[in-house]
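Student: The structure follows.
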Amino acid sequence: MTASFANPVLVIGSGLAGLMTALSLAPLPVLLVTRALAGGESSSQWAQGGVAAALGADDDAERHGEDTLAAGDGLCDSHAVRAVTGAARSAIEALQSFGVRFDFNPDGTLAAGLEAAHSRRRILHVGGDGSGAEIVRALVARAQETPSIRIVEASLVRHLLTRQGSVCGALVTGPQGDDVIAASRIVLATGGLGGLFEATTNPCGHLGQGVALAARAGAVLADMEFVQFHPTALEGRTRPLGLISEAVRGEGAILVNERGERFMSAWPGAELAARDVVARAISAQLQRGGKVFLDARAALGHGFAARFPAIHALCMEAGVDPAVQPVPVRPAAHYHMGGVLTDLNGRTSLSGLWAAGEVACTGLHGANRLASNSLLEAAVMGARVAADIRRMSVPEVISPVPVPACCAQDDGAEVRAITSAHLGVLRHEAGLRAAVEGLLPLATADGPQRDAAIVALCMAVFAHERRESRGAHARTDYPLPQPDASRQFMSLDAVLVRARAILSHSHARSA
């Protein structure tokens, strides 16, 4: 697999973060391993909203940073906010240099849309509401043309191999079986964990594999409790659920219940309040047995198809014409703010291991991601990871010790049922304890659900320890925020210790 690539930089994942890292590393040799076709099954490819970048005459990085901090509800890392929002212009220029063609206004300026909790129109699109697919398509094409990048498709990384506290390779399963790749520099760009929920807008195979790989290797995790639920997924039986972008609300669409009441009108920002606020309000309507619809008839009418062609097609496929009918919607798992703890160069706590994109946690998003900051972060951090690797001397590669083949992974159905029941929009202590009780045996057994269970258990333990409601984490038993709240950091070993303590305390109380 690596005959002509001695000690390459091993990049795991082919979404925006992975592709940006690989392209920015040229001409250093890169082996990019992806579980599907290059760019396929990535959340980046499915992104509708675009890239947040403060490039307008009435905008700047400071305003963008203020909006990011407000959405993050007190838990953003201010250094990360400044670094990422301040690098927006260079990130857009880099994407353009790799062949990405952003949408322009007739006067030659970049077209910018508005999304929830942004104080300015700063969302850049590519091909209207198909931004992610077009960005990934352009980057994949450039990567395939780059001699220093070798793409290995239909392959899954099963283990990160370590020696003396540093990574030294990975066990990869591909069409030809298992292969051990020696690499002293590894970049995780594996995406998120939305597939751990029944209702999700992410590829169903996204079970947090990168988090599990890093956790099992000993890396520190951060803010695992914060899962953002997109307020307006298209209600239906298909999985994953189709996404009705915030940009539709940015163009004036409103939310109404089955009685025709506009229940968000009293909130600051109304339909364009932060995502956690809108998701909770919709969940409250659904919990009482009601239904919720996104009504774009007055705002867009028959112009809907021209403004949002992909969303229009999605709705029509589901039997709903958004020009003349309200669209049924519900919250769905959409983005994970937590992940593998990194610094602002993407370095994890494990030597030789970097992470970028949704699998990583830089602290940019805090407790709640500001819309369209994810693609910006993926582009910025992919470039920063590459720059960090290029600055360092090449570590000596150590031949990894062969490892036995591990148990094949399944689709995570048992874990998904637990996660969906107890780690959704609204949480409480009894449910979190039940989640820990169900997940701990799966996470500590070498069975097919192990990795998915490890990730879900980390979410449950982090959520149990956060006894407040903040951002995307809402607890009905602790509805108010705590004034002294801080971020949480734990290794897998610490999570397991805490999980056992939660169950021990629960059993002692019931005895």
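Student: Somewhere in region 499-510, is a residue on the phi < 0 side of the Ramachandran plot, touching a His at 6+ places or on another chain (Cβ under 9 Å) and either in a helix (DSSP H, G or I) or surrounded by 24 or more Cβ atoms within 10 Å (Cβ to Cβ) (or both)?
Tutor: As a first pass, look at region 499-510 and keep what is on the phi < 0 side of the Ramachandran plot: 499-510.
With the extra rule that they be touching a His at 6+ places or on another chain (Cβ under 9 Å), the set shrinks to 499, 502.
Next, from what is left, pick out any that are either in a helix (DSSP H, G or I) or surrounded by 24 or more Cβ atoms within 10 Å (Cβ to Cβ) (or both): 499, 502.
The answer is yes, given that some residue of region 499-510 is on the phi < 0 side of the Ramachandran plot, touching a His at 6+ places or on another chain (Cβ under 9 Å) and either in a helix (DSSP H, G or I) or surrounded by 24 or more Cβ atoms within 10 Å (Cβ to Cβ) (or both).
Student: Right, here's the next one. Residue 224 passes all but one of (1) in contact with a Phe, Trp or Tyr (Cβ under 8 Å, 6 or more places away or on another chain); (2) outside any loop (DSSP other than H, G, I, E, B); which number fails?
Tutor: Failed condition: (2).
Student: Name the residue, out of 211, 140, that is in a helix (DSSP H, G or I), closer than 19 Å to residue 17 by Cα, modelled with pLDDT of 95 or more and in contact with a strand residue (DSSP E or B) (Cβ under 7 Å, 6 or more places away or on another chain).
Tutor: 211
Student: I need the strands (runs of 3 or more DSSP E) fully contained in region 273-344, keeping only those with at least 1 residues that are touching a strand residue (DSSP E or B) at 6+ places or on another chain (Cβ under 7 Å) and surrounded by fewer than 23 Cβ atoms within 10 Å (Cβ to Cβ).
Tutor: Numbers: elements: 292-295, 327-336, 339-341.
Qualifying strands (runs of 3 or more DSSP E): 292-295, 327-336.
Student: Among the residues of region 471-492, how many are touching a helix residue (DSSP H, G or I) at 6+ places or on another chain (Cβ under 9 Å) and within 29 Å of residue 216 (Cα to Cα)?
Tutor: The total comes to 9.
Student: With the condition kept exactly as written, say whether any residue in region 251-268 is in contact (Cβ under 8 Å) with a residue 12 or more places away in the chain, touching a Cys at 6+ places or on another chain (Cβ under 9 Å) and crowded, with 23+ Cβ neighbours inside 10 Å.
Tutor: Checking region 251-268: not a single residue is in contact (Cβ under 8 Å) with a residue 12 or more places away in the chain, touching a Cys at 6+ places or on another chain (Cβ under 9 Å) and crowded, with 23+ Cβ neighbours inside 10 Å.
Student: Out of 462, 489, I need the residue that is out of contact with any Phe, Trp or Tyr (no Cβ under 8 Å at 6 or more places or on another chain), buried (at least 20 other Cβ atoms within 10 Å of the Cβ), of a type outside the set (A, V, I, L, M) and modelled with pLDDT of 95 or more. Which one? Talk me through it step by step, then tell me what you get.
Tutor: Details: 489 fails: buried (at least 20 other Cβ atoms within 10 Å of the Cβ).
Going through 462, 489 in turn, just one is out of contact with any Phe, Trp or Tyr (no Cβ under 8 Å at 6 or more places or on another chain), buried (at least 20 other Cβ atoms within 10 Å of the Cβ), of a type outside the set (A, V, I, L, M) and modelled with pLDDT of 95 or more: 462.
Student: Can I ask one more? Looking at 122, 63, can you tell me which residue is modelled with pLDDT of 95 or more, over 23 Å from residue 23 (Cα atoms) and under 21 Å from the mean Cα position of the chain (by Cα)? Before you say what the answer is, go through the steps one by one.
Tutor: Details: 63 fails: under 21 Å from the mean Cα position of the chain (by Cα).
Unique residue meeting the criteria: 122.
Student: I would also like to ask the following. Restricting to region 162-179, what's the tally of residues that are buried (at least 19 other Cβ atoms within 10 Å of the Cβ) and under 18 Å from residue 34 (Cα atoms)?
Tutor: Of the residues in that region, 5 qualify.
Student: Here is a further query. Going by the structure shown, is residue 416 under 20 Å from residue 337 (Cα atoms) and under 22 Å from the mean Cα position of the chain (by Cα)?
Tutor: yes
Student: Given the residues 133, 154, which is the only one that is surrounded by fewer than 20 Cβ atoms within 10 Å (Cβ to Cβ), assigned by TED's automatic domain parsing to the domain that holds residue 351, within 24 Å of residue 374 (Cα to Cα) and within 25 Å of the chain's Cα centre (by Cα)?
Tutor: Exactly one of 133, 154 is surrounded by fewer than 20 Cβ atoms within 10 Å (Cβ to Cβ), assigned by TED's automatic domain parsing to the domain that holds residue 351, within 24 Å of residue 374 (Cα to Cα) and within 25 Å of the chain's Cα centre (by Cα), namely 133.
Student: Continuing with the same structure: Is at least one residue of region 353-361 under 18 Å from residue 220 (Cα atoms) and not hydrophobic (A, V, I, L, M, F, W, C)?
Tutor: yes
Student: A further question follows. Could you list all residues from region 66-91 that are within 23 Å of residue 279 (Cα to Cα) and part of a helix (DSSP H, G or I)?
Tutor: Step one: of region 66-91, the residues within 23 Å of residue 279 (Cα to Cα) are 66-76.
Those that are within 23 Å of residue 279 (Cα to Cα) and part of a helix (DSSP H, G or I): 66, 67, 68, 69, 70, 71.
Student: From 69, 55, which residue is surrounded by fewer than 24 Cβ atoms within 10 Å (Cβ to Cβ) and either touching a Lys or Arg at 6+ places or on another chain (Cβ under 7 Å) or at pLDDT below 95 (or both)?
Tutor: The conditions single out 55.
Student: Let me ask something else about it. Given the structure, is residue 205 out of contact with any Ser or Thr (no Cβ under 8 Å at 6 or more places or on another chain) and surrounded by fewer than 24 Cβ atoms within 10 Å (Cβ to Cβ)?
Tutor: Values: out of contact with any Ser or Thr (no Cβ under 8 Å at 6 or more places or on another chain): yes; surrounded by fewer than 24 Cβ atoms within 10 Å (Cβ to Cβ): yes.
Yes, satisfied.
Student: Quick check on my filter: what residues within region 234-267 are assigned to a strand (DSSP E or B) and at pLDDT 95 or above?
Tutor: Within region 234-267, 234, 254, 255, 256, 257 qualify.
Student: Run down 324, 292 and say which single residue is more than 26 Å from the chain's Cα centre (by Cα), more than 30 Å from residue 495 (Cβ to Cβ) and of a type in the set (A, V, I, L, M).
Tutor: On the way: 292 fails: more than 26 Å from the chain's Cα centre (by Cα).
Answer to the check: 324.
The values are calculated or read from the model by the stated rules, or taken from the named source; none is laboratory data. Computed from a predicted structure; not experimentally measured. Heads up, the Cβs are rebuilt from the backbone with ideal geometry, glycines too, and the neighbour counts pull from every protein chain shown.
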